[in-house]
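Below is one structure; the comments refer to it alone.
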Amino acid sequence: MQNGVFKIRLMPNDIIFTCKPGETILDAALRNKISLPHGCTKGGCGICKIKVVGKVDFGRVSKNRLTDEEKEKGFCLSCRAVPLEDVEISLIDGSKLDESFDYKRYFSLIFGSKTVL
């Protein structure tokens, strides 16, 4: 951390970007031109669920979208989570975020067999 700014490392892409004090992981990613999967940006849809290694403030989230068990296993909603230290993040299935990223398949991982698109 330097001047309250934390580093976020997106794996397996190995992309490092910065997060300003009080900024959510999603806002930091978008500010740095990294398009993490997201939907409502308010914690209501769960599309932005990611895996995080490191301390975060989970923010206000619905237990329907992020359970206490998921938090304990290292998941967060990127639209609500604010880093409290340098963190490492990855998509819930560990896939690489690139131009061939299959959003429809990824959403089915989050929502199961429910129709998303």
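Only the coordinates and a few stated rules stand behind these numbers; no lab work does. Note that the structure is predicted; figures quoted are calculated from it, not measured. Please note: Cβ atoms are built from the backbone with ideal geometry, for glycine as well, and neighbour counts cover all protein chains shown.
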**Item:** Test for ASP68: is it surrounded by fewer than 14 Cβ atoms within 10 Å (Cβ to Cβ), closer than 19 Å to PHE6 by Cβ and out of contact with any Pro (no Cβ under 6 Å at 6 or more places or on another chain)
**Value:** no
**Message:** Among the residues in segment 73-91, are any among the polar types (S, T, N, Q) and exposed (fewer than 15 other Cβ atoms within 10 Å of the Cβ)?
**Reply:** no
**Request:** Just one of (1) of a type in the set (A, V, I, L, M); (2) touching a Lys or Arg at 6+ places or on another chain (Cβ under 7 Å); (3) crowded, with 19+ Cβ neighbours inside 10 Å trips up LEU97, so point out which.
**Result:** (2)
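So which residues in segment 2-19 are out of contact with any Lys or Arg (no Cβ under 8 Å at 6 or more places or on another chain) and at negative phi? Write out each step before concluding.
Pass one, segment 2-19, residues out of contact with any Lys or Arg (no Cβ under 8 Å at 6 or more places or on another chain): 2-3, 6-11, 14.
Of everything in segment 2-19, those that are out of contact with any Lys or Arg (no Cβ under 8 Å at 6 or more places or on another chain) and at negative phi turn out to be GLN2, PHE6, LYS7, ILE8, ARG9, LEU10, MET11.
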